Amino acid sequence: MTDVPSTLVQTQAQTPTPPLWLLAELTYTCPLHCVFCSNPVDFAQHDRELATDEWLRVLREARALGAVQLGFSGGEPLTRADLEVLVAEAHRLGYYSNLITSGVGLTAERIDRLKGAGLDHIQLSFQDSTRELNDFLSHTRTFDLKRRTADLIRAAGFPMVLNCVIHRLNIDHVERIIELAVEIGAEYLELANAQYYGWALTNRDHLIPTRDQVRRAEAVVAQARQRFGERLRILLVVPDYFETRPKRCMNGWGSVFLTIAPDGTALPCQSARVLPGLDFPNVRETTVADIWYRSTAFNRYRGTAWMKEPCASCPEKQQDLGGCRCQAYLLAGDPDAADPVCDKSPDHGLVTAAVNAPGPDVRPLVFRSPAESRRLRAESAGPDLT
């Protein structure tokens, strides 16, 4: 493994804290084709999935470091036949485990097996409150299936947690989405506005809401919180583009969250593959401890010594740690730049221009699929001149 430069080691006031949250992206295979999917646009080239024994080793090593929360995600994790084996090992190791799923493939029999293996929590995604838009956005006929799956989850005694990604095409339905959550007996509803990475960035012009839409949605959520109280806890995540200060990316680069991609690549966040000049380590080649504490990639943006102006002298730098590196690169072309969401950034105009854009142009929505992944990858690579 590449040694960490001494200048980077010196940026850390102390040894990094252990990863508390492990996201196991078991696969990029998915029966849905969502236009806002957070998977990398080039996911089709990362198809060599970790085997069962490799995932079991990752779970053990991460738990030995101190990880306690575990998310099984994808793609659709239910497409892995060994999911129950991984859940059982997670339970044995003492993780609190969460299945993040579209619900496709979650039969009553499989729920029973997962519960028997020790799964703690299931988060079910919807794309909208209506059959028509739910099925359009996922390019599948799954709304009725999701409703039935929600009943199965509740009947099995799992906490009922509903997630819906919010964007221009469904943000005006927030009130109805909340009503749907109440109808299916959800205890918790996450309304996560699309963040513009992966497929959401490809479709950004179609997905980014107007300021008025965001304000109306915030007002609807505030009223619903008063109405339902603890009966339904609602989390609304506002899109970064509508802020004037960035959030701490994943609560700080390499400080809490560790993502393992289906091919074993270790990432500080799901989108970090896009960053140039970083050689992200792979669990097939080294241990989780080496990755977390000693890899160049995980140390690159820890602390604040890496910062350029205006972040370097900003009195707020400890609060946001410079914001999101992926956002800085995707918008400003420089992963070391200030997150353009910040209104102190010289690139903030890129964000305001996106927010104030008149709306989508004539380009169609791009639905996530392996074929589209390969096409977009080929387009980004340019013509083959060899």
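Count Lys and Arg as plus one, Asp and Glu as minus one, and take only other residues whose Cβ is under 12 Å from that of ALA44; the net charge is then +1.
At R0 = 35 Å, how high is the FRET efficiency between ARG215 and TYR293 if r is their beta carbon distance? Nearest 0.05 is fine.
Once the sixth-power term is evaluated, E becomes 0.20.
Diffusion of the chain by Stokes-Einstein, at 25 °C in a medium of 0.890 mPa s and with Rh set to the Kirkwood radius over alpha-carbon pairs, works out to 112 µm²/s.
Computed extension gain for LYS317 through ASP144, at 0.36 nm per residue and net of the alpha carbon distance, reaches 57.6 nm.
Semi-axes of the equivalent ellipsoid of the stretch 214-325 are 33, 20, 12 Å, computed as sqrt(5λ) over the eigenvalues of the C-alpha gyration tensor in descending order.
Within the stretch 30-73, which chymotrypsin sites (Phe, Trp or Tyr not before Pro) sit in a loop by DSSP and count at most 15 neighbouring Cβ atoms inside 10 Å?
Sparse-neighbourhood loop chymotrypsin sites (Phe, Trp or Tyr not before Pro): none present.
Scanning the chain for DSSP H helices at least 24 Å long along the axis (C-alpha atoms) with a Kyte-Doolittle mean no lower than 0.0 picks out nothing. Multiplying the residue separation of GLU230 and LEU133 by 0.36 nm and subtracting their alpha-carbon distance yields 32.0 nm. For the stretch 89-145, pairs of C-alpha atoms spaced more than 18 angstrom apart make up 43 percent of the total. Three principal axis extents describe the C-alpha atoms of the stretch 164-245; from largest down they are 36, 24, 20 Å. Can you tell me the FRET efficiency between GLU243 and GLU109 if r is taken as the Cβ-Cβ distance and R0 is 41 Å, rounded to the nearest 0.05? In this case the efficiency is close to 0.40. Using just its DSSP H runs of length 4 or more, each adding -39500 (n - 2.57), the chain gives a mean residue ellipticity at 222 nm of -10000 deg cm²/dmol after division by all residues. What FRET efficiency comes out for ARG375 versus THR304 if R0 is 30 angstrom and r is the Cβ-Cβ distance? Round to the nearest 0.05. After rounding, the FRET efficiency stands at 0.15. By the Kirkwood approach, averaging reciprocal distances over each pair of separate Cα atoms, the stretch 106-189 gets a hydrodynamic radius of 13.3 Å. Diagonalising the gyration tensor over the Cα atoms of the stretch 312-381 and scaling each eigenvalue by 5 before taking the square root yields semi-axes of 30, 17, 10 Å, largest first. Of all DSSP bridge pairs formed entirely within the chain, close to 10 percent run antiparallel.
When the chain is fully extended, how far beyond the present Cα-Cα distance does ARG284 get from TYR96, taking 0.36 nm per residue of separation?
So the chain would gain 65.2 nm between ARG284 and TYR96.
Model label points for THR352 and THR52, set 7 angstrom from Cα along the Cα-to-Cβ axis, are 5.7 nm apart.
Any read-out appearing in this document is the output of simple, stated calculations on the displayed coordinates, not a laboratory observation. Computed from a prediction, not measured in an experiment: that's the story for all the values here. Note that we place each Cβ from the backbone using ideal geometry, even for glycine, and neighbour counts take in every protein chain shown.
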